[in-house]
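First the structure, in the form of structure tokens, and then the observations on it.
The values are calculated or read from the model by the stated rules, or taken from the named source; none is laboratory data. This structure is a prediction, so every number in the text was calculated from the model and none was measured. Note: ideal-geometry Cβ built from the backbone for every residue, glycine included; neighbour counts use all protein chains shown. Note: accessible area is taken over every heavy atom of the protein model, side chains too, but ligands, DNA and RNA are not part of it. Shrake-Rupley method; radii C 1.70, N 1.55, O 1.52, S 1.80 Å.
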Amino acid sequence: MLNFLTRKQITFVIEGKHNQVRLEAYDDQGKEIHISTDGIDLETITKNDRIIVKGRSIIPQSIKEKTNYIKIHPKVALTGGDPNDPLELEPIKIDLNK
């Protein structure tokens, strides 16, 4: 059984320190995969005019042999903006056959 743990590192300009990052994951058939987050930041670093936040997310179900890859779609709810209209970033493809 392969459960998947992702570690994320998000960098914001200092003014965006209260932005919220959401991750959505999809398999090679376009079906959404549930991601569990613990809401705990592993590390927060202030460097120059940037804030770097490290966290983790877990895919709690087995995905081995069910998909060849997963695509992670990061979305950022900007402070002061509509949280239902997040900024969508470039998806990240993770090949599970390597």
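Contact list please: Cβ distance under 8 Å, first residue in region 69-98 and of a type in the set (Ser, Thr, Tyr), second residue open to solvent by less than 60 Å² (accessible area, probe 1.4 Å) and part of a strand (DSSP E or B), pairs at least six apart or on different chains.
Close Cβ pairs satisfying both conditions: Tyr69/Ile94.
Yes or no, residue by residue, for (1) more than 22 Å from Asp95 (Cβ to Cβ); (2) open to solvent by less than 50 Å² (accessible area, probe 1.4 Å); (3) in a strand (DSSP E or B):
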site	(1), (2), (3)
Leu23	no, yes, yes
Thr44	yes, no, yes
Val53	yes, yes, yes
Lys66	no, no, no
Lys71	no, no, yes
Asp82	yes, no, no
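Consider Gln29 against the criteria (1) open to solvent by 60 Å² or more (accessible area, probe 1.4 Å); (2) assigned to a strand (DSSP E or B); (3) at pLDDT 85 or above: it satisfies all of them except one. Which criterion is unmet?
(2)
Can you name the residue in region 84-98 that is acidic (Asp, Glu) and within 12 Å of the chain's Cα centre (by Cα) and, of all such residues, is surrounded by the most Cβ atoms within 10 Å (Cβ to Cβ)?
Glu88
Working carefully through the options Ile10, Ile35, find the one that is modelled with pLDDT under 65, open to solvent by less than 60 Å² (accessible area, probe 1.4 Å) and under 26 Å from Asp82 (Cα atoms).
Within the list Ile10, Ile35, the selection yields Ile10.
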